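The values are calculated or read from the model by the stated rules, or taken from the named source; none is laboratory data. None of the values given here were measured: they were computed from a predicted structure. We place every Cβ from the backbone using ideal geometry, glycine too, and count neighbours over all the protein chains shown.
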Amino acid sequence: MVFLKWVSFILFVLGQCVPTLPSDSSFSSNGLSQIPSKFLNFAKKPELFDWMVGIRRKIHENPELGFEEFETNKLIRAELDKLGINYRYPVATTGVVGYVGTGKPPFVAIRADMDALAMQEMVDWEHKSKIPGKMHACGHDAHVAMLLGAAKILKEYQKELQGTVVLVFQPAEEEGGGAEKVLEAEALEDVDAIFGLHVEPRLPAGEVFSRPGPILAGGGYFEALISGKGGHAAIPQRSIDPILAASNVILSLQHIVSREADPLDSQVVTVSKFQGGGAFNVIPDSVTVGGTFRAFTKETVMQLRQRIDEVITGQAAVQRCNASVNFPESFPPTINHEVLHEHFHKVAGEMLGIHKVKDMKPTMGSEDFSFFQEEIPGYFFFLGMQNQTFGQLQPEHSPHFQINEDVLPLGSALHASLAATYLFEFQSQLHLQQGNFHDEL
Ligand SMILES: [Zn+2]
Ligand SMILES: [Zn+2]
């Protein structure tokens, strides 16, 4: 906790002061503000661009689900080996954590998720998924390619880094809480700040979107088994009907948000699963209902969870049924650190032009990046992909999802710039503070 307070202090100072550069840096001759454009130019070189595109397509052809990303991490490790970048493996079963820079503090992390989804790709193209029923439909293949691109940029400028950049290739973002497992593996113990990005097909290419504070909701999943007594559908008095009970449960769950939540506080309860019965003339023994709930504070998430439990068991009892409720997964809201927002705004603004750095409204979707932010000051942002060539791209998790590969250099340069400039600013503020302490002595 003392360490976290110290980090908070540094972040506070970062937010208050205009940093000065250490004089021995070769970046300093051009100024810190040159890093983003320098890195972007490097990332746009045809050889680096083609290399990233190749990696992305290879991963796209061979999608792997959470904690099964064995071929993906093999590819990542092979590329890190070629770059001469040290890494730790395995982390959280299939994760890889690489290190570029001095090997000493400060440490700043940049993260990519690696997992695909259990769905069939419907886009017919040369590099379509070769695995039936599995697809990279959330862009995590592009995230890995961009983080490897950042690794290449940072390796090129390694001598000028004022600390260590930690490259986090994280498994199982979609399901299974990969981020939590990476933390449990103590892979990010000394990290002072962490950055993550997500491609966004519905926003314009060349622009980035984020906000300070809550940006994505927290929440969880629930599943309930509602048990009655099966029997002949024409003789209902001899049965206890779980379908009627489940129907009342679903209606009552809808009243939690509409009647109990502050209308100004965004919350969601959705029943997305209803399984029960298989014949016209049979009342089944049991029914399964399940779904998700979302909110923007941890307290509200816990409150929703408690009410969902109470409503399901209470409403099932009204119809003489029993209910058992499970909550297989829950996740905190994604809350961006205020000072890191300033850092992001400055770095992205210098790279893209300040008019391309947009504030966005929070959305009810979720990201397991939020687990990192519970332990480490963190910042998450979206990278637009939409342009004239592609027209209207399909949203994430659509079987028609596509990546605009033109944005790969942008993502990799942003990753690398956010990390490299963070290290510079951290160090220069440290020097300033040490200087101040000496004055006082
Ligand atoms: Zn997803
Ligand atoms: Zn995703």
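Points to keep in mind about this one:
- Of all residues assigned to the range 414-431, none qualifies as being acidic (Asp, Glu), modelled with pLDDT of 95 or more and out of contact with any Lys or Arg (no Cβ under 6 Å at 6 or more places or on another chain).
- Residue match in the range 178-190 (condition: within 16 Å of ligand 1 (Cβ to nearest atom) and either assigned by TED's automatic domain parsing to the domain that holds PHE39 or under 24 Å from GLU405 (Cβ atoms) (or both)): yes
- Any chance VAL182 is under 23 Å from ILE312 (Cα atoms), modelled with pLDDT of 95 or more and not in a loop (DSSP other than H, G, I, E, B): no
- Lone qualifier among PHE401, PHE426, PHE331 - being closer than 25 Å to GLY101 by Cα, crowded, with 19+ Cβ neighbours inside 10 Å and among the hydrophobic types (A, V, I, L, M, F, W, C): PHE426
- Residue within the range 161-175 that is hydrophobic (A, V, I, L, M, F, W, C), closer than 14 Å to ASP115 by Cα and within 16 Å of ligand 1 (Cβ to nearest atom) present: yes
- Test: residue in the range 369-387 that is under 30 Å from VAL301 (Cα atoms), assigned to a loop (DSSP other than H, G, I, E, B) and touching a Leu at 6+ places or on another chain (Cβ under 9 Å): yes
- Hey, ALA279 among the small types (Gly, Ala, Ser) and crowded, with 21+ Cβ neighbours inside 10 Å or not: no
Here's the yes/no breakdown for (1) closer than 20 Å to ALA193 by Cβ; (2) away from ligand 2 (no atom under 16 Å from the Cβ); (3) surrounded by 18 or more Cβ atoms within 10 Å (Cβ to Cβ); (4) over 17 Å from the mean Cα position of the chain (by Cα):
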{"position": "ASP115", "(1), (2), (3), (4)": "no, no, yes, no"}
{"position": "LYS134", "(1), (2), (3), (4)": "no, no, yes, yes"}
{"position": "ASP141", "(1), (2), (3), (4)": "no, no, yes, no"}
{"position": "LEU147", "(1), (2), (3), (4)": "yes, no, yes, no"}
{"position": "PRO171", "(1), (2), (3), (4)": "no, no, yes, no"}
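- Verdict on GLU64 being within 21 Å of the chain's Cα centre (by Cα), over 20 Å from LEU161 (Cα atoms) and crowded, with 23+ Cβ neighbours inside 10 Å: no
- Any hit, the range 156-167, residues being within 16 Å of ligand 2 (Cβ to nearest atom) and either in contact with a strand residue (DSSP E or B) (Cβ under 6 Å, 6 or more places away or on another chain) or part of a strand (DSSP E or B) (or both): no
- Hey, PHE67 in contact (Cβ under 8 Å) with a residue 40 or more places away in the chain and either away from ligand 1 (no atom under 16 Å from the Cβ) or assigned to a helix (DSSP H, G or I) (or both) or not: no
- Criterion violated by ALA142 - all others in (1) modelled with pLDDT under 95; (2) within 16 Å of ligand 1 (Cβ to nearest atom) satisfied: (1)
- Looking only at residues in the range 256-275 that are surrounded by fewer than 18 Cβ atoms within 10 Å (Cβ to Cβ) and under 22 Å from ASN322 (Cβ atoms), the one that is nearest to the chain's Cα centre (by Cα) is LYS273.
- Residue check for PRO90: assigned to a loop (DSSP other than H, G, I, E, B) and of a type outside the set (S, T, N, Q): no
- Note on the range 28-59: residues that are among the small types (Gly, Ala, Ser), surrounded by 13 or more Cβ atoms within 10 Å (Cβ to Cβ) and either modelled with pLDDT of 95 or more or part of a helix (DSSP H, G or I) (or both) amount to 2.
- Pairs, first within 16 Å of ILE194 (Cβ to Cβ) in the range 338-350, second among the aromatic types (Phe, Trp, Tyr) and crowded, with 20+ Cβ neighbours inside 10 Å, C-beta under 6 Å, six or more apart: LEU340/TYR379; PHE344/TYR379
- Filtering the range 283-320 to residues that are part of a strand (DSSP E or B) and out of contact with any Lys or Arg (no Cβ under 9 Å at 6 or more places or on another chain) leaves SER286, VAL287, THR292, ARG294, ALA295.
- Of LEU197, LEU216, LEU225, all but one fail to be more than 18 Å from the chain's Cα centre (by Cα), at pLDDT 95 or above, buried (at least 17 other Cβ atoms within 10 Å of the Cβ) and not hydroxyl-bearing (Ser, Thr, Tyr); the exception is LEU225.
- Hey, LYS104 away from ligand 1 (no atom under 16 Å from the Cβ), of a type in the set (Lys, Arg) and part of a loop (DSSP other than H, G, I, E, B) or not: yes
- Flag for SER330 being among the small types (Gly, Ala, Ser) and farther than 30 Å from ILE235 by Cα: yes
- Any pair with Cβ under 6 angstrom, 6 or more apart, that starts in the range 288-304 at a residue that is closer than 13 Å to LYS273 by Cα and ends at one that is aromatic (Phe, Trp, Tyr) and surrounded by fewer than 17 Cβ atoms within 10 Å (Cβ to Cβ): VAL289/PHE274
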